[in-house]
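See structure below.
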Amino acid sequence: MSSKAVITGCGAYLPETILTNTDLAKKVDTSDEWIRERTGIRQRHIAGEDEKTSDLAVEAAKAALKAAGRSPDDIDMIIVATTTPDLTFPSTAAIVQAKLGAAAGAAFDIQAVCTGFIYALSTAEKFLAAGQHKRALVIGAETFSRILDWTDRTTCVLFGDGAGAFVLEAKDEADADGRGYINSYLRCDGRLVDLLYVDGGVSSTQTAGHVRMQGNKVFREAVTRISQAMEWVAADAGIDVRSIDWFVPHQANERIIKGVVKKLDLAENQVINTIGGQGNTSAASIPLAYCQGVADGRIKPGDLVLLEGMGGGLTWGAALLRA
Ligand code: UT7
């Protein structure tokens, strides 16, 4: 019998400190009005000085485990999607495993920037479907504030910190009640590296570097590529994209989300939108938004949910599942 990867719990964590647009306008030449109008962002959360990406990930993971009724011992795979690891090595996933007190199975990071969670979810599902692992923690976690150039108004107003996690469990098709991961679409076009990157790294500068982005060029690529990924997963599953219950987008820019909604003829009230309060939390934004939808009762078991992401690389992708 084939097995399905079912989300049995999700969890979210946002650091306590909030940085508003008005706070930012005191540091760089910007305004609350510009940021809201161009992006939809009102505020973002910023990790405390002693808070590392693994700490955010652990809080989200604990919440996801609680929601799933599982303990760290039940987990045999941890994947962390992050661009802001605690250390160059070992992986943040290894550190998370230790902090959770889990010791079984595999742990590794995935780097696909803002598409990281879609890549991680899709990867975890393959191991579960193959029967090689039984229960995975799939986490998107970022301290993106650490790689921002706080003098560059074109990037520093966009991002925030946070973490979101899924417990993904392999279930026999019959026990899954129609729930679970359906399919995904992952893409990268490395020719577009220069549109969004960090100007540092281990083997080049031996520094972490800062985010550099040609925002309007990324913007121009976004709606087409995201829509194409979403249409692909829907068509592959034999459904009309408009028949989904919930659209959980990567939260980069409200105008991109609205552009996709318009292009695919979706309804605004099908969107789980968290950008106003969180900004762009890179790999964390999709699970954070999904958890918000579950927590406030919008996403219910059995609902058809479409996730999408796009980021540096350029990478982009989508995943379809039944909650
Ligand atoms: O998650 C990873 C993927 N990332 C994305 O998807 C981001 C995609 N890009 C975007 O979301 C948008 O391009 C931005 C929000 C980054 C920028 O919005 P835009 O409407 O594309 O603005 P722009 O870059 O074309 O800049 C318009 C003007 C410029 O001034 P001039 O040249 O017209 O005088 C900028 O210098 O806005 C200026 N500007 C700002 N003004 C006030 C840029 N940033 C700011 C700022 N405050 N923070």
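The values are calculated or read from the model by the stated rules, or taken from the named source; none is laboratory data. Everything numeric here is computed off the predicted structure, so don't read it as measured data. Quick reminder, even Gly has a Cβ in these numbers, built from the backbone with ideal geometry, and neighbours come from all protein chains shown. Heavy atoms of the whole protein, side chains included, go into the accessibility calculation; ligands, DNA and RNA do not. Shrake-Rupley method; radii C 1.70, N 1.55, O 1.52, S 1.80 Å.
Name the residues whose placed amide hydrogens come within less than 5 Å of the amide hydrogen of A112, ignoring near sequence neighbours (fewer than 5 apart) on the same chain.
T82
Just to confirm, what accessible area per residue do you get for the chain at 1.4 Å probe, in whole Å²?
Heavy-atom SASA per residue in the chain reads 41 Å².
Could you please tell me the mean projected area of the C-alpha convex hull for the stretch 174-305, averaged over all directions and given in square nanometres to one decimal?
Mean shadow area of the hull around the Cα atoms is 10.2 nm².
Leaving out ligands, DNA and RNA but keeping every protein chain, what accessible area does R225 have, in Å² rounded to the nearest 10, with a 1.4 Å probe?
Surface open to solvent at R225 totals about 50 Å².
Subtracting the Cα-Cα distance from 0.36 nm times the residue separation, let me have the gained length for D189 to T17 in nm, one decimal. Could the numbers behind the result be given before it?
Details: separation 172, 0.36 × 172 = 61.92 nm, distance 3.56 nm.
Length difference between fully extended and current span is 58.4 nm.
If a paramagnetic tag sat 7 Å from the Cα of D199 along the Cα-Cβ line, which residues of the stretch 205-226 would have the backbone N under 19 Å from that point?
Backbone N within reach: 205-218.
In a shell of Cβ-Cβ distance under 9 Å around V211, excluding V211 itself, what net charge do Lys and Arg (+1) and Asp and Glu (-1) give? Intermediate results must be reported in sequence, preceding the final value.
On the way: positive: R212; negative: D149, D152, D199.
For residues surrounding V211, the net value is -2.
Using a 1.4 Å probe on the protein heavy atoms, what percent of the accessible area of the chain belongs to carbon and sulfur?
Details: 6560 of 13340 Å².
Within the chain, the accessible surface is 49 percent carbon and sulfur.
Could you pull out the pairs from K134/K300; K27/K52; K126/K171 whose alpha carbons sit more than 19 Å apart here?
Too far apart for the 19 Å limit: K134/K300; K27/K52.
As a test question: what accessible area, to the nearest 10 Å², does R322 have when a 1.4 Å probe is rolled over all protein chains in place?
80 Å²
Which value, in Å² rounded to 10, gives the accessible area of D76 with a 1.4 Å probe and all protein chains present?
Its heavy atoms expose roughly 30 Å² to the probe.
Sort S122, S203, S2 by heavy-atom solvent-accessible area, probe 1.4 angstrom, most to least.
Order by accessible area, largest first: S203, S2, S122.
In square nanometres, what is one fourth of the surface area of the convex hull spanned by the alpha carbons of the stretch 45-134? Can you show the working numbers first?
Numbers: hull surface 24.7 nm².
Spelled out: convex hull of the Cα atoms, projected over all directions, averaged, 6.2 nm².
For the chain, give the magnitude of the charge dipole about the Cα centre (Cβ charges: +1 Lys/Arg, -1 Asp/Glu; no others), in debye to the nearest 20.
The calculation lands at about 420 debye.
If you average the C-alpha positions of the stretch 60-127 and of the stretch 244-323 separately, how far apart do those two centres end up, in angstrom?
If you average the Cα positions of each part, the centres end up 21 Å apart.
Keeping every protein chain in place, order Y13, Y185 by accessible area at 1.4 Å, biggest value first, i.e. largest first. Let's see the in-between values first.
Numbers: Y13 55, Y185 10 Å².
Descending accessible area places them as Y13, Y185.
At q = 0.08, 0.14, 0.16 Å⁻¹, what is the base-10 log of I(q)/I(0) for the chain according to the Debye formula with one equal point scatterer per Cα and no solvent? Please give it to two decimals.
Each listed q maps to, in turn, -0.32, -1.03, -1.37.
What net charge is computed for the residues neighbouring D199, neighbours being all others with C-beta under 12 Å from the C-beta of D199, Lys and Arg scored +1, Asp and Glu -1?
That sum, taken over residues with Cβ under 12 Å, equals -2.
How far apart, in nm, are the 7 Å Cα→Cβ label points at F108 and Q206?
That separation, rounded to one decimal, is 2.9 nm.
If you build the Cα gyration tensor of the stretch 128-178 and take the root of 5 times each eigenvalue, what three semi-axes come out, in whole angstrom, biggest first?
39, 11, 8
Output the direction-averaged projected area (hull surface divided by four) of the convex hull of the alpha-carbon atoms of the stretch 3-176, in nm².
Values: hull surface 42.2 nm².
Seen from a random direction, the Cα hull of the stretch 3-176 projects 10.6 nm² on average.
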